[in-house]
Amino acid sequence: MLKQNSRLISRLERLGDNAIIVAAFFAAYYGRDSLIFWNDILDLNLPFKGKAVLAPIKDYVLVLGVALIGYGLSLNLMGAYSSMRLSSVWRLFRVALVSSVVVFISLAATLFVLKIDISRSFVALFVVLAGCGLALERYSVLKFLRYWRRKGRNFRNVVICGVGDQAVRLAREIVARPELGIHIRGFADLRPADLHQVVTSQQLRRDLEGTVQVGRVMVGTSAVCRALEDYAIDEVIFTDVVDVMPQVEEMILVCAEQGVRTTIAADLFSIGLIKSGMSYFGGMPLIHFQTPPGDSWELALKRAIDLAVSGAALVVLSPLFLALAVGVKSSRGPVIFRQTRVGLNGRLFQMLKFRSMYDGAEKELAELKAKNEMDGPAFKMKDDPRVTPFGRFLRRFSLDELPQLWNVFIGEMSLVGPRPPIPGEVSLYERSSRRRLSMRPGLTCTWQVSGRNEIKDFDSWVKLDLQYIDNWSLFGDFVLLLRTIPAVLFGVGAR
């Protein structure tokens, strides 16, 4: 019955989508004149080509045909006709928005290739109306279905195979969201009978007391098989599966034979900050575990911002680069100092700086190790005798770091991120400190705006970097960039 309802809802949605697209087509055709009217009255300055009357509606049938095909394909590809049970409102609006953009591009390309000259304002108005209509339709359907499920209709019966922390979290989440229409029919412990099921069952009841009526916990795969035969079970969800992998495999096969859906909790290990995700490589499902920030569209946007800002800065600051290069040449040696640093996930790259030390200063590092002012593997020394007079000026205002804009431009660094260490420091890292390398290194980070060289404890430095990674956001990067400006201008914690 549940699958029949799902198919019926999907078919009704397809009919509704097509009806909305057709209605938007006619609304755009007959409503364009009113749009011109309000454009003149409100002085909106919309780009209309005169006030010519639209051609006969039959000349626009091609637009409707392309739109129906385009929306049908894009909505299908984005999973618009799959179950909305777990969908968020934002996802529904995103599906409608992205589909409308795809259709608009398709229409523009079709009209360009066929050299058909029709009103662009009509096409834009049509796509906007269709997108808004589709979004409103899905929002209304979602609200109705959730209201229906709260009334006890169109629900799914599930069995949770697991009695650990994951099972508890999942059960609480299900109970907290009655609009999902999920009924927990029972819990099962798939472990062999000699592993103290009584104790774990009692613990499960205590953990869920006042939330879920646990009842008798099924023990072993045979008990779950009987439940599939005796009750209307729509789905079996496996949690806490690490110790029962053979039993999970057996139950998946049993469920598949009976047409019952199975789901495995992807956060297999439930370890702190580690997040899990799913993807497919060909036909093989893969589970990923990663710590923040992970892979997201925000990181892609961060890279785009790095590329744009560093490129513009290299052009605008080129006169300053030339002036500083002249100052660096006041002492013997190259203008640009290149040093091997460790970047994203251990990649080595050549970090660029204006030379601020005497030529060959790195060879004297071993003699100064005893004067290191930083606890840990990093070397910091406030009054380093190897620094040139002009180099002290560069370092005071971080001007020696400007060539790293090129490292940012080519993707080796970012504007904001943990400072890149040298390989010798990384070799001395504790295992937990290596997570600093999980994000692209940057020109500035929390350490730079928190006193820089006034922080003498390496562990505190690492802690600041890890806090930045764990709480990373684009807005946070923007704030750090703003905080860097006074830190540089006033030489806070300068070397």
*Can you tell me which residue within the stretch 197-247, out of those that are of a type in the set (Ser, Thr, Tyr) and touching a residue at least 24 places away in the same chain (Cβ under 8 Å), is surrounded by the most Cβ atoms within 10 Å (Cβ to Cβ)?*
Thr239
*Please determine, by comparing only the residues of the stretch 396-407 that are at pLDDT 85 or above and not in a loop (DSSP other than H, G, I, E, B), which one is nearest to Phe354 (Cα to Cα).*
Asp400
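The values are calculated or read from the model by the stated rules, or taken from the named source; none is laboratory data. Values in this document were obtained by computation on a predicted structure and should not be read as measured data. Virtual Cβ from ideal backbone geometry, glycine too; neighbours counted across all protein chains shown.
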